Amino acid sequence: MTTNESAEQLRGWFSGRLPEGWFEGPLEVVLDREEVSVVGRLPEPDGAAEVSQTERAALLAGHIQRFREDTRDKRIAIAREAEHRFGHKVSWGADCGDQREMFTTLSVPVMTRLRQPERRVLDTLVDAGVARSRSDALAWCVRLVGKNTDEWLSELRTALQYVERARAAGPQP
């Protein structure tokens, strides 16, 4: 099964499994080697359009927080079920208006080998107070690259889907 098919299977399972009325519109399900992130859109609370930007931001944040607290036990039970069924940890998040909050996420160590010039970049970020450690500095660099090359990464992911389909259609070992 390709990564794209796995994500579709997960989105279908979660869409069928979640209680009615939790989210509006389709779920966003993102899958990697360790984690499944499930993010749903909450309806905006009444009156959100009629208040100042500052009050609106606080209203949306409070609405997301209330959803998080009210659904915690049920989300944990569904996550355990999914983890047993699919073998991935589950992270939750919610969108409301223009705000997104992730409730739970994994922080996975990744081994890397860097030469001195790359280590110096990380050390400069630490020395300047941009990051607390080399690990934080590397995560900061990855986020910056992801943000600034989003279109290119999207094209690359699309190309990888074609590669996965071709592999799946080929001879099996």
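The values are calculated or read from the model by the stated rules, or taken from the named source; none is laboratory data. Source: prediction; values computed, not measured. Note that we place each Cβ from the backbone using ideal geometry, even for glycine, and neighbour counts take in every protein chain shown. Accessible surface is based on the protein model in full, side chains and every heavy atom, while ligands, DNA and RNA are left aside. Shrake-Rupley method; radii C 1.70, N 1.55, O 1.52, S 1.80 Å.
Tally the residues that are closer than 21 Å to Gly25 by Cα, touching a strand residue (DSSP E or B) at 6+ places or on another chain (Cβ under 8 Å) and of a type outside the set (Asp, Glu), restricting the search to the stretch 83-110. Walk me through it before giving the result.
First, the residues of the stretch 83-110 that are closer than 21 Å to Gly25 by Cα: 90-103.
Still in the list and also touching a strand residue (DSSP E or B) at 6+ places or on another chain (Cβ under 8 Å): 90-96, 100-103.
Next, from what is left, pick out any that are of a type outside the set (Asp, Glu): 90-94, 96, 100, 102-103.
Qualifying residue count for the region: 9.
As an exercise: evaluate Ala57 against (1) assigned to a helix (DSSP H, G or I); (2) under 24 Å from Leu106 (Cα atoms); (3) touching a residue at least 12 places away in the same chain (Cβ under 8 Å) and give the number of the one condition it does not meet.
Exception for Ala57: condition (2).
Out of Ala57, Ala79, Ala49, Ala61, which single residue is in contact with a strand residue (DSSP E or B) (Cβ under 6 Å, 6 or more places away or on another chain) and small (Gly, Ala, Ser)?
From the options Ala57, Ala79, Ala49, Ala61, the qualifying one is Ala79.
Which residue pairs have Cβ atoms closer than 7 Å, lie 6 or more positions apart in sequence or on different chains, and pair a first residue in the stretch 90-114 that is more than 27 Å from Pro43 (Cα to Cα) with a second residue that is open to solvent by less than 100 Å² (accessible area, probe 1.4 Å) and part of a loop (DSSP other than H, G, I, E, B)?
Listed by first residue and then by second, the contacts come to Val108/Glu34.
So which of Thr112, Thr54, Thr105 is under 18 Å from Arg33 (Cα atoms) and loosely packed, with under 11 Cβ neighbours inside 10 Å?
The unique qualifying residue is Thr112.
From (1) part of a helix (DSSP H, G or I); (2) open to solvent by less than 70 Å² (accessible area, probe 1.4 Å); (3) more than 10 Å from Cys96 (Cα to Cα), pick out the condition that doesn't hold for Ile64.
Just one mismatch for Ile64, condition (3).
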